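Student: Can you read through this structure? Questions will come right after.
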Amino acid sequence: MKNWTMALVGPDSPTLEVIKTLDQSATQICLVVDPGRVLLGTVTDGDIRRSILRGESLDQPVRLIMNPKPLVATPAMPPAERLALIRGRRLRHLPVVDAKGVLIGVETEGELLTGEELPNWAVVMVGGLGERLRPLTATTPKPLLPVGGRPLLETILLQLAGSGFRRVYLAVNYMAEKFEDAFGDGSRLGLDIRYLREDGKLGTAGALGHLPERPEAPMVVMNGDVLTAVNYRSLLDFHAEHAARATMCVREYDIQVPYGVVEVENSRVRALQEKPVLTHFINAGIYVLDPSALDRLEPGHPCDMPTLLQRVMNASEPVVAFPIREYWLDIGRLDDFAKANGDFERVFSSSDGGAA
């Protein structure tokens, strides 16, 4: 792995600083070392997201969340064995250490796979009426409204293409022809775009019943009105790591109670909190579904994604949460639309629209 030294952190580094290093190095891993560069552990994007789900402070030292016993290779290990280890254990990175445990390099399959297409499909739901954005959506579907000088959906598609997706389905209904006019078969974006045409309102999951064939790999399903810098490869890795049937992206959302909150037990006041801030995880409108999850659909019948996920959970199959720590905005109202345009240049400054 090139520039692996940029991903080095100390064991007492705050998690927040490690996140910055993770993002700046673009390696999806940080290597925790002592002053002599002896490898103490590793921290991945998934480790950090699980810490967030547990509600842990971003000020805590990274040694509390690192993997203290990562798999490593030695210089004597033949390259073929390293590659077999990476693939057999589904690793993205394999640290290489000498006989004293000093880190001397990092092997990665990612460089071998540069430019390779993902086997995963993506489905983008773009059939909504966008009523809360009227009058803007009276003649233009919401995903085609300009954000940062180009249609919002174009940014989403460029991000998917930059992450290695090739087959993308657009679930269309309202003004369906405008999407076909704008993107056609997707070849100008390096994509194979196909269309799922809804005859009526099928909900955020019902259109999946129109897929012409069953996918062979987990697929990303997302709403077409979400502006985000989420890392789709990290999302797919997280899904695979947890052997999930479905993964829901979630986002932290704070609500401040405008009054003092009183905790009462049997008429006695037990605690007082002045205008507390309550933190919840909200549905971010991006999912990963295993092909088997489609068996929970009734073709031709409306179904929203939360209903589909509940059916999966009712069958005692695992549904996991992937916390989005990157930029995320649901463009549902006029003020959201204004904010998206104001944020775009700052957040999505690369030519590919911030593709992860």
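Student: What are the pairs, 6+ residues apart or on separate chains, where a residue within the range 62-79 that is surrounded by fewer than 13 Cβ atoms within 10 Å (Cβ to Cβ) has its Cβ under 9 Å from a residue that is at pLDDT 90 or above and assigned to a loop (DSSP other than H, G, I, E, B)?
Tutor: That search, which allows pairs on different chains as well, returns Leu64/Glu56.
Student: Next question, about the same structure. Evaluate the following for Leu272: is it touching a Ser or Thr at 6+ places or on another chain (Cβ under 9 Å) and at pLDDT 90 or above?
Tutor: no
Student: Take the residues in the range 131-162 that are touching a Leu at 6+ places or on another chain (Cβ under 7 Å) and not in a helix (DSSP H, G or I), then tell me which one is farthest from Gly332 (Cα to Cα).
Tutor: Restricting to residues being touching a Leu at 6+ places or on another chain (Cβ under 7 Å) and not in a helix (DSSP H, G or I), the top hit is Pro151.
Student: Same structure, new question: Looking at the range 299-313, is at least one residue touching a Phe, Trp or Tyr at 6+ places or on another chain (Cβ under 8 Å) and of a type in the set (A, V, I, L, M)?
Tutor: There is at least one residue in the range 299-313 that is touching a Phe, Trp or Tyr at 6+ places or on another chain (Cβ under 8 Å) and of a type in the set (A, V, I, L, M).
Student: State which residue pairs qualify: first residue outside any loop (DSSP other than H, G, I, E, B) and inside the range 295-313, second residue of a type in the set (Gly, Ala, Ser) and at pLDDT 90 or above in any location, beta carbons under 6 Å apart, and separation of 6 or more residues or different chains.
Tutor: From the range 295-313, the pairs are Leu309/Ala246; Val312/Ala246; Val312/Ala293.
Student: What's the number of the condition Asp295 fails, among (1) more than 22 Å from Pro141 (Cβ to Cβ); (2) of a type in the set (D, E, K, R); (3) in contact with a Lys or Arg (Cβ under 6 Å, 6 or more places away or on another chain)?
Tutor: Every listed condition holds for Asp295 apart from (3).
Student: Also: Applying the selection to the range 21-37, what residues are exposed (fewer than 14 other Cβ atoms within 10 Å of the Cβ) and at pLDDT 90 or above?
Tutor: Asp34, Pro35, Gly36
Student: Between a residue in the range 1-16 that is over 23 Å from Ser57 (Cβ atoms) and at pLDDT 85 or above and any residue that is surrounded by 15 or more Cβ atoms within 10 Å (Cβ to Cβ) and of a type outside the set (A, V, I, L, M, F, W, C), which pairs come within a Cβ distance under 6 Å, given they are 6 or more apart or on different chains?
Tutor: Within 6 Å, the pairs are Met6/Ser25.
Student: Considering only residues that are in a strand (DSSP E or B), buried (at least 23 other Cβ atoms within 10 Å of the Cβ) and of a type outside the set (S, T, N, Q), which ones fall in the range 231-250?
Tutor: Ala246, Cys249, listed by residue number.
Student: Is it the case that some residue within the range 217-230 is touching a residue at least 40 places away in the same chain (Cβ under 8 Å), in contact with a Lys or Arg (Cβ under 7 Å, 6 or more places away or on another chain), buried (at least 23 other Cβ atoms within 10 Å of the Cβ) and not in a helix (DSSP H, G or I)?
Tutor: Looking only at the range 217-230, we keep the residues that are touching a residue at least 40 places away in the same chain (Cβ under 8 Å), and these are 217-230.
With in contact with a Lys or Arg (Cβ under 7 Å, 6 or more places away or on another chain) added as a condition, the list becomes 225.
From the residues that got through so far, the ones that are buried (at least 23 other Cβ atoms within 10 Å of the Cβ) too are 225.
Filter once more, keeping what is not in a helix (DSSP H, G or I): 225.
Yes: one or more hits.
Student: Just to be sure before I move on: is Asp335 at pLDDT 85 or above and either over 19 Å from Gly128 (Cβ atoms) or not in a strand (DSSP E or B) (or both) in the structure I sent?
Tutor: Criteria met by Asp335.
The values are calculated or read from the model by the stated rules, or taken from the named source; none is laboratory data. The shown structure was predicted, so the numbers you read here are calculated from the model rather than taken from an experiment. As a convention, Cβ positions derive from the backbone with ideal geometry for all residues, glycine included, and neighbour counts pool all protein chains shown.
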